[in-house]
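First the structure, in the form of structure tokens, and then the observations on it.
Every number here is computed from the coordinates shown, using simple stated rules; none is lab data. All figures in this text were calculated on a predicted structure; none of them were measured in a lab. Glycine also receives a Cβ, built like all others from the backbone with ideal geometry; neighbour counts cover every protein chain displayed.
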């Protein structure tokens, strides 16, 4: 067997031997107790993930696709979740911003390993508007503000050298300290208006629970709830 084959077999053995870590017993999710609408359940699950010690429970995968239909994915932070939808921010000139302009639909995915839970959220995305975007930027940390200032109009563009990045960030840090209310013209707060939300709870014997909400204005709370095979 060649060295490449040995390495491949070792890697496969590593994958087969990995186990998902859980903090003690998994919580029990009785789908009959799920609320009529997904938002209250999502807020409760995120709070419980935070209380379990899950690192960064507000981080999520964001999937978008441009006019060519080719998907792209990255990890971003959730800024809010309310009756309007799930909120996140980025530069409208970034790859995800450009793709949302071409195709205003996206999907979010939350994965909380400690309680063995996932949530997927899909729907149309809209811009929250200039005032909301500016307020979102003001609510961020000084370091996050500096990053937004440095990346304004440049995020996802080709970088000539790392030194250029360092110089841009030094100038942005200095400006953020001098102007805590500074704005980045391209910074945009987006709101995903969900039409589908799925909750997934792992179970020790793999009898996982999947509950899906589908937008249905004629139903109580505006949603239809259904169970899915795991």
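For this structure, a couple of remarks:
- Value of relative contact order over the chain, rounded to a whole percent, pairs C-alpha under 8 Å and six or more apart: 22 percent
- Per-peptide average of other Cβ atoms within 10 Å, ordering 5-18, 100-113 highest first: 100-113, 5-18
- The Rg/Rh ratio for the chain is 1.03, where Rg is the radius of gyration of the alpha carbons and Rh is the Kirkwood radius.
- Extension gain from residue 61 to residue 162, taking 0.36 nm per residue of separation minus the Cα-Cα distance: 33.7 nm
- Of the residues 211, 121, 76, the one with the fewest other Cβ atoms within 10 Å heads the list, and the complete ranking is 76, 211, 121.
- Site pair residue 227 and residue 171 shows an inter-label distance of 6.0 nm when each label is modelled 7 Å from Cα along Cα→Cβ.
- Spin-label proximity, residue 26 to the range 117-153 - amide N less than 16 Å from point 7 Å beyond Cα toward beta carbon: 117-120
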